[in-house]
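Colleague: Got a structure for you, questions after.
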Amino acid sequence: MLEVVAAFSGTITLADVSAMLDLPKTTAHRLLKGLVRAGMASEGEAGRTYHVGERLTRLLHAGADDGWYASLAGPHLLSLTEASTETCYLARLVGKRVVVAVSHSPDVRWRGYVQPGIEMPVNAAATGKAIMAFQSKALIDAALSEDLPKPTVHSHTSRKWIEQEYAKVRKLGYATCIGEIDEGLAAIAVPVRLPDGAVLHSVGMTGPLERIMNKQLPTRIAALNATAATLAKALSLGTSMRARNLP
């Protein structure tokens, strides 16, 4: 049933599921409602259609390996890196942590560098803020209950400051890291919004502070948003394809 819902996400109805799986409508309805309660499927407008649920989407993305992300996101990040001549990368939410999935650095002498697989602090990193700002209160509480790092004098661990920073991210649509992880380096990041509204990823750009936080900032943010929109489509399609292969 999940394979059927994933294959026709957002358009399939109870009658469709019943017919395709040769099930009585009452049985199909009961099973669909069970999937909805478990967060594996979600109902569309007026409960007439069904699509892959947020819980299943989170599981698929959290369980995806680096090769899956590299194949889907790598070419788009490489294009952004070549156009900006700055290091660009994709971060993803894994539980209550944010980690780097894919990263590309330009062939220039003075550059930022982001290692795939490293954790991005949700109180300091632009990509960490860009993801965590759009999570539920419960998840934010869990993330901020951990010991938060303070890599530089510009880093903040105050709960009040971090929540204000998240509010600013939601208002502006992008996050910054100005010397909060490495003095002299800055980063900007935007959320990647999946079609269902979930924010499980962010795309970031980092480099020397004076090259990131200057008059080119609006242009760079626009480029990040364009890449994020492209990545949202690619990741959503990849998720649907993975969902169809669930046992």
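Colleague: Report the gain in length on full extension from Ser136 to Thr11: 0.36 nm times residue separation, minus Cα-Cα distance, nm rounded to one decimal.
Modeller: Values: separation 125, 0.36 × 125 = 45.00 nm, distance 2.71 nm.
Residue separation times 0.36 nm, minus the Cα-Cα distance, leaves 42.3 nm.
Colleague: On a 0 to 90 degree scale, rounded to 10, what angle separates helix 159-172 from the longest Cα axis of the chain?
Modeller: 70
Colleague: I would also like to ask the following. With the contact rule set at Cα under 8 Å and sequence spacing of 6 or more, what percent relative contact order holds for the chain?
Modeller: Working: 456 pairs, mean separation 46.0, N = 247.
Dividing the mean separation by the residue count of the chain yields 19 percent.
Colleague: By the gyration tensor of its Cα atoms, with a ≥ b ≥ c the square roots of the eigenvalues, what is the shape of region 150-197: rounded for a/c under 1.5, prolate for a/b over b/c, or oblate? Intermediate values should be presented prior to the final figure.
Modeller: Details: a/c = 2.80, a/b = 1.61, b/c = 1.74.
Oblate shape, in that a/c is at least 1.5 and b/c is the bigger or equal ratio.
Colleague: At 7 Å along the Cα-to-beta-carbon direction for both Thr85 and Lys171, put a label point, then send me their distance in nm to one decimal.
Modeller: Label at Thr85, label at Lys171, 3.5 nm between them.
Colleague: Sticking with this structure for a sec: Cross-link list Lys160/Lys233; Lys150/Lys215; Lys33/Lys168; Lys137/Lys215; Lys137/Lys233; Lys96/Lys171: which exceed 32 angstrom alpha carbon to alpha carbon?
Modeller: In this structure, Lys160/Lys233; Lys33/Lys168; Lys137/Lys215 lie more than 32 Å apart at Cα.
Colleague: Report the Cα centroid-to-centroid distance between region 12-27 and region 211-236 in angstrom, as an integer.
Modeller: Using only Cα atoms to place each centre, the spacing works out to 42 Å.
Colleague: Label 7 Å along Cα→Cβ of Ile118; region 177-220 residues with amide nitrogen under 13 Å?
Modeller: 180-183, 185-187, 206-207
Colleague: What angle do you read, to the nearest 10 degrees and between 0 and 90, between the alpha-carbon axis of helix 66-84 and the longest principal axis of the chain?
Modeller: Tilt relative to the chain: about 40 degrees.
Colleague: Would you work out if region 113-176 is rounded, prolate or oblate? Take a ≥ b ≥ c from the square roots of the eigenvalues of the alpha-carbon gyration tensor; rounded if a/c is under 1.5, else prolate when a/b is larger than b/c, oblate otherwise.
Modeller: Rounded.
Colleague: Could you tell me the calculated FRET efficiency between Met20 and Gln164, based on Cβ-Cβ distance and R0 = 51 angstrom, to the nearest 0.05?
Modeller: Computed FRET efficiency for Met20 and Gln164: 0.55.
Colleague: Rounded, prolate or oblate for region 124-225? Axes are the square roots of the Cα gyration tensor eigenvalues, ordered a ≥ b ≥ c, and the cut-off for rounded is a/c under 1.5.
Modeller: Numbers: a/c = 2.16, a/b = 1.11, b/c = 1.94.
It is oblate, given that a/c is not under 1.5 and a/b is not larger than b/c.
Colleague: Identify all aspartates and glutamates with a Cα-Cα distance to Lys25 below 20 Å; exclude those on the same chain that are fewer than 8 residues away in sequence.
Modeller: The qualifying aspartates and glutamates are Glu3, Asp16, Glu43, Glu45.
Only the coordinates and a few stated rules stand behind these numbers; no lab work does. Note that the coordinates shown come from a computational prediction; the quantities given were computed from them, not determined experimentally. Don't worry about glycine lacking a Cβ; one is built from the backbone with ideal geometry, like all the others, and counts go over all protein chains shown.
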